[in-house]
Amino acid sequence: MYVKEGDSVSQFDSICEVQSDKASVTITSRYDGIIRKLYYNLDEIAYVGKPLVDIETDALKDVASEEDVVETPAVSHEEHTHQEIKGHKTLATPAVRRLAMENNIKLSEVVGTGKDNRILKEDILNYLAKQTGAILPPSPKPEIIPPLPKSETVPAAAKDRGTKIPIPISKPIVFAGKDKTEAVTGFHKAMVKTMTAALKIPHFGYCDEIDLTQLVQLREELKPLAQVRGVKLSFMPFFIKAASLGLLHYPILNASVDENCQNITYKASHNIGVAMDTEQGLTVPNVKNVQVCSVFEIASELNRLLTLGSAGQLGTNDLTGGTFTLSNIGTIGGTYAKPVILPPEVAIGALGKIQVLPRFNGNGEVFKAQIMNVSWSADHRIIDGATMARFSNLWKSYLENPASMLLDLK
Ligand code: COA
């Protein structure tokens with residue numbers, strides 16, 4: 001809550017932050033005026049369609065009728081456009097704000113590329129193009145791209161991958177001898193809903209190990225190039241693109257079934273969800289239309305989603321419409337997992353930690369391999385084990401021989 005009764009507010013000033021089960025959104029004032037009534041206290045549950053605040057407008061010097069002043073939570077009113085990140089105003093000119101408003105875009109979802117993260121007209125147009133599926137070419141800064149760094153061997157950082165994941169030690173939480181009960185809210189509430197629905201799906205599990213030795217080296221080479229273009233290149237864009245290339249051959253894995261399992265809908269778009277561990281809890285934004293994106297475009301979009309995710313500002317568009325999911329739990333640790341499908345999707349993959357392990361090469365010699373395990377879950381009502389295994393083999397072959405992806409990239 002950023003205001004109290006009696007406070008003066010101007011248009012676009014923050015009023016409060018609303019945490020829905022999908023996203024956290026800052027509600028801002030549409031009016032210049034004085035806060036006359038707040039309908040909720042901090043941490044209370046606000047109801048969709050009910051008033052949140054009364055603002056006495058300067059013009060009327062009268063409390064406007066409830067209909068005029070009602071601000072409702074973002075869950076029901078996605079048309080709110082004057083969003084701000086964690087109470088800090090988003091920087092944008094009135095013309096850009098108008099453009100965002102006219103196109104129903106929340107400024108909080110747009111990553112500003114101007115000075116001090118100011119949102120520019122191009123940012124809105126780029127965002128709009130993404131939403132409509134028209135993928136614009138990335139707009140790299142006009143800089144000279146340096147040649148590939150000469151490295152004959154896998155860099156040290158990559159060699160030791162897996163053994164160096166830092167283990168952050170958080171403060172122990174002590175309840176001083178008393179139990180503590182609290183309401184399940186926010187992202188946790190979403191998790192209750194989704195996972196309860198997932199219980200109805202008979203899950204089929206399939207695991208394999210992937211040798212990422214070549215990919216680890218390739219990524220080390222490409223990372224500085226992406227960095228020059230302002231994008232952090234992790235492994236996820238490769239995992240995501242390889243999955244999309246595989247889905248082109250096994251579209252049943254990028255489908256949904258209706259409640260009574262009467263109809264299967266094969267999705268045209270590969271909107272690949274990425275499980276994200278945030279301060280607010282687990283959230284799964286998705287990268288839209290991966291089938292027409294380059295690895296770099298996926299990396300760039302993932303950077304945007306990670307920035308918004310860590311600010312708790314992912315919007316509904318980013319969080320809905322997913323068709324297939326990958327969960328890289330390996331950034332935290334572990335080898336195998338038992339991922340749970342996010343309905344209405346029908347498949348999900350969990351990736352374990354990349355570890356340096358001894359393996360045999362074709363000549364029977366032991367070498368230091370970069371090994372990662374994958375655990376797939378699929379809806380066994382419509383997907384059989386053989387299909388899942390074939391898809392996994394194809395995904396694996398792209399990642400074990402990343403150059404082979406080039407043949408199929410559009
Ligand atoms: N094993 C070992 N290291 C890994 C790895 C893996 N499987 N995946 C990524 N890494 C490395 C990255 O290369 C990076 O190292 P670098 O800084 O040397 O380049 C580092 O871990 C951090 O990666 P990150 O910046 O987090 O990017 P990412 O794209 O790999 O991961 C997310 C992004 C969103 C997947 C990750 O942050 C996350 O939240 N993971 C947890 C997902 C989760 O909770 N799943 C469970 C759902 S129930």
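The values are calculated or read from the model by the stated rules, or taken from the named source; none is laboratory data. Quick caveat, the model's predicted, so the values are computed rather than measured. Positions of Cβ are backbone-derived with ideal geometry, glycine not excepted, and every protein chain shown enters the neighbour counts. Keep in mind that these areas ignore ligands, DNA and RNA; they rest on the heavy atoms of the full protein, side chains included. Shrake-Rupley method; radii C 1.70, N 1.55, O 1.52, S 1.80 Å.
Annotations for the structure displayed:
- The alpha carbons of the range 271-410 give a radius of gyration and a Dmax of 16.4, 52 Å, in that order.
- Nearest-10 value in Å² for the accessible area of Lys267, using the 1.4 Å probe: 80 Å²
- Projecting the alpha carbon convex hull of the range 225-290 along each direction and taking the average yields 6.4 nm².
- Label-point gap, in nm, between Ala386 and Val228 - each point 7 angstrom along Cα→Cβ: 4.9 nm
- Computed on protein heavy atoms with a 1.4 Å probe, the accessible areas place His270, His249 in the order His249, His270, largest first.
- With both labels modelled 7 Å from their Cα along Cα-to-Cβ, the Leu91 to Asp277 distance reads 3.3 nm.
- Rolling a 1.4 Å probe across all protein chains gives Leu233 an accessible area of roughly 10 Å².
- Evaluated at q = 0.16, 0.17, 0.22, 0.28 Å⁻¹: base-10 log I(q)/I(0), Debye formula over Cα of the range 266-329: -0.47, -0.53, -0.88, -1.32
- Label zone at Gln262, where the point sits 7 Å out along the Cα-to-Cβ direction: the range 357-384 residues whose backbone N lies under 18 Å: 382
- Under the simplified labelling scheme, the Ser170-Leu218 pair shows an inter-label distance of 3.6 nm, with each label point 7 Å from Cα along Cα→Cβ.
- The range 218-330: C-alpha pair distances exceeding 20 Å, %: 44 percent
- Sparse-neighbourhood loop sites, chymotrypsin sites (Phe, Trp or Tyr not before Pro) in the range 177-256 - DSSP loop, at most 12 other Cβ within 10 angstrom: none
- The range 279-340-the range 187-246 distance, computed between alpha-carbon centres (Å): 8 Å
- Stokes-Einstein translational diffusion, the range 312-379 - Kirkwood Rh over all Cα pairs, 0.890 mPa s, 25 °C, in µm²/s: 174 µm²/s
- Protection proxy ranking, highest mean first, for peptides 113-120, 48-55: 48-55, 113-120, where packing is the per-residue count of other beta-carbon atoms within 10 Å, averaged.
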